[in-house]
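**Student:** If you scroll down you'll find the structure; I have some questions about it.
Derivation of every value follows stated rules applied to the coordinates shown; laboratory data play no part. Quantities reported herein were computed from a predicted structural model and do not represent experimental measurements. Quick reminder, even Gly has a Cβ in these numbers, built from the backbone with ideal geometry, and neighbours come from all protein chains shown.
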Amino acid sequence: MLAIYFNTNAQVDQLTESPWNLLRLSIDSQNYFPPENNEVDMIVLTMLDDGDAATQDFSTSVCNSLTTENGTVNYINDYQFTLPQLTQTLISCDMAENSAFEQVYFDFFYDNQTTPFSFDIIYLSDAGLLTIQAPNGDFAEYDNSFFGLEGISVNSFKIHPNPVSNLLTINTDLNIENATILTMSGQIVASNNTNTINTSQLAKGSYFLKVTANGSQSIKQFIKE
């Protein structure tokens with residue numbers, strides 16, 4: 001049974017209790033998906049709330065690491081924060097696609113330092129889905145399913161094509177027990193237990209694919225065109 005709830009009282013606690021894996025970046029209504037290659041296998045966001053300037057309360061990385069210079073995040077309330085004085089390391093990515101994505105991703109945070117980001121967390125079963133939104137409507141989406149003790153490794157589970165118009169294929173050596181497509185609000189719209197799933201009946205838009213394999217679960221996002 002799929003359990004869905006919105007948390008309105010303790011979102012900062014949920015934001016800071018685990019790392020988050022980037023699923024999608026939307027800038028000026030254009031989608032950017034994280035690269036998956038030998039140099040970058042996942043893009044992780046970590047946020048803390050310990051009030052200690054000696055530790056990084058905000059950290060994310062592609063090839064370089066982006067952090068708050070004084071270590072702290074300003075949590076305005078339970079759904080907004082600001083990132084004072086961002087700083088980053090200065091190394092070069094070996095692959096051009098990683099450099100290009102890193103610039104767009106880091107600029108999402110740099111360009112909005114002076115105004116609050118809003119954030120919201122939705123739980124689909126046992127996977128948390130985090131949206132961080134800038135005042136201009138740009139947003140980044142993350143999940144935390146990869147960081148549970150029983151999560152599926154990002155390298156063991158890939159989907160293609162994305163965007164998809166008909167058959168969505170799951171590439172994995174694991175034994176797929178269930179593959180479920182959900183709307184952005186958590187409604188189940190398709191499900192089976194094979195490496196391919198038919199999306200032809202779906203309306204255009206963004207969806208989540210939840211895969212259960214070898215007793216573990218993970219979620220990836222895709223677009224139906």
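**Student:** Using Cα-only point scatterers and the Debye equation, what is log10 of I(q)/I(0) for the stretch 60-133 at each q in 0.25 Å⁻¹, rounded to two decimals?
**Tutor:** For the stretch 60-133 at q = 0.25 Å⁻¹, log10 I(q)/I(0) is -1.14.
**Student:** Another one. In nm, to one decimal, how far is the residue 206 label point from the residue 123 one, both placed 7 Å along Cα→Cβ?
**Tutor:** Each label point is offset 7 Å from its Cα along the Cβ direction, giving 2.2 nm.
**Student:** Give me the number: length gained by fully extending residue 110 to residue 191, i.e. 0.36 nm times residue separation minus the C-alpha to C-alpha distance, one decimal in nm.
**Tutor:** Gain in length upon complete extension: 25.2 nm.
**Student:** Using a ≥ b ≥ c from the Cα gyration tensor of the stretch 66-106 (square roots of the eigenvalues), is it rounded, prolate or oblate, where a/c under 1.5 gives rounded and otherwise the larger of a/b and b/c decides, a/b for prolate?
**Tutor:** Taking the square roots of the gyration eigenvalues as a ≥ b ≥ c, the stretch 66-106 is oblate.
**Student:** Length gain on complete extension for the stretch residue 97 to residue 183, per 0.36 nm per residue less the alpha carbon to alpha carbon distance?
**Tutor:** Going from the current span to full extension adds 28.1 nm.
**Student:** Could you tell me the relative contact order of the stretch 158-224? Use alpha-carbon pairs under 8 Å, at least six residues apart, and round to a whole percent.
**Tutor:** Relative contact order here is 34 percent.
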